[in-house]
Amino acid sequence: MTEEIVIAGFGGQGVLLAGKLLCVAAMRRGLQVSHIPSYGAEMRGGTANCSVVISTEDIPSPVIECPSVVIALNGPSLVKFLPRIRLGGMLIWNRSLIAIAPSRSDLFSFPLDATDISLANGTERAANMVAIGALLRLKPNLVSMKSIEAALDEVISSRNRKYNSLNLRILSVGYEMAEKIVANK
């Protein structure tokens, strides 16, 4: 099993944190991982993305040409990465900030009101957690919710750990949203 994942959005949406969280959770499962963060000089509000490779085998290169999964948290990220998703791949996209649905029919497209869900749960900063929760359900062999829960304490800074219960609740909401889709197939 090898998944090549790109997570992309505005700086401040937790894109890099989401990638690091997946990597730490996968390492806890004994999987091979690679994580390459990329962000603009302006940080919050600028563009950010990260490439995450999770595999049961050695990873020969961390560079992702055609990701198997893209999580697009904003419109510019969708425009940039949609053409690169491999045939049969998966797109999880933030319908709260992306007005026009992607037009590719050769992949699994999962719209998710990530920002709206985050706001409904009391924070504007957890759209990343909604998307990761959905990913965990849509790719059940990747990492478990339990692995993510354990990784949160390692990845989240000590001053922000007080929000981990909120992060877990929002992860669960994303997971449940994806569960509805899976159950209807």
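FYI, it's all coordinate maths here, none of it is from the lab. Because the structure is predicted, anything quoted here is derived from the model rather than measured. Heads up, the Cβs are rebuilt from the backbone with ideal geometry, glycines too, and the neighbour counts pull from every protein chain shown.
Viscosity 0.890 mPa s, temperature 25 °C: give me the Stokes-Einstein translational D for the stretch 2-183 in µm²/s, with Rh taken as the Kirkwood radius over C-alpha pairs. Intermediate values should be presented prior to the final figure.
Working: Rh = 16.0 Å.
Roughly 153 µm²/s, to the nearest whole number.
Please list, in chain and number order, the residues 5+ apart from residue 92 or on another chain whose amide H is under 5 Å from its amide H, with Hs placed from the backbone.
Hits under the 5 Å cutoff: 70, 71, 72, 110.
If each residue of separation counts as 0.36 nm, what is the full-extension length gain between residue 169 and residue 99 once their alpha-carbon separation is subtracted?
This chain segment gains 22.6 nm when fully extended.
Using a 10 Å cut-off on Cβ atoms, rank the peptides 97-103, 115-121 from the highest mean neighbour count down.
Listed from highest to lowest mean packing, they are 115-121, 97-103.
How much of the DSSP bridge set in the chain is antiparallel, in percent, rounded to the nearest 5?
For the chain, the DSSP antiparallel bridge percentage is about 55.
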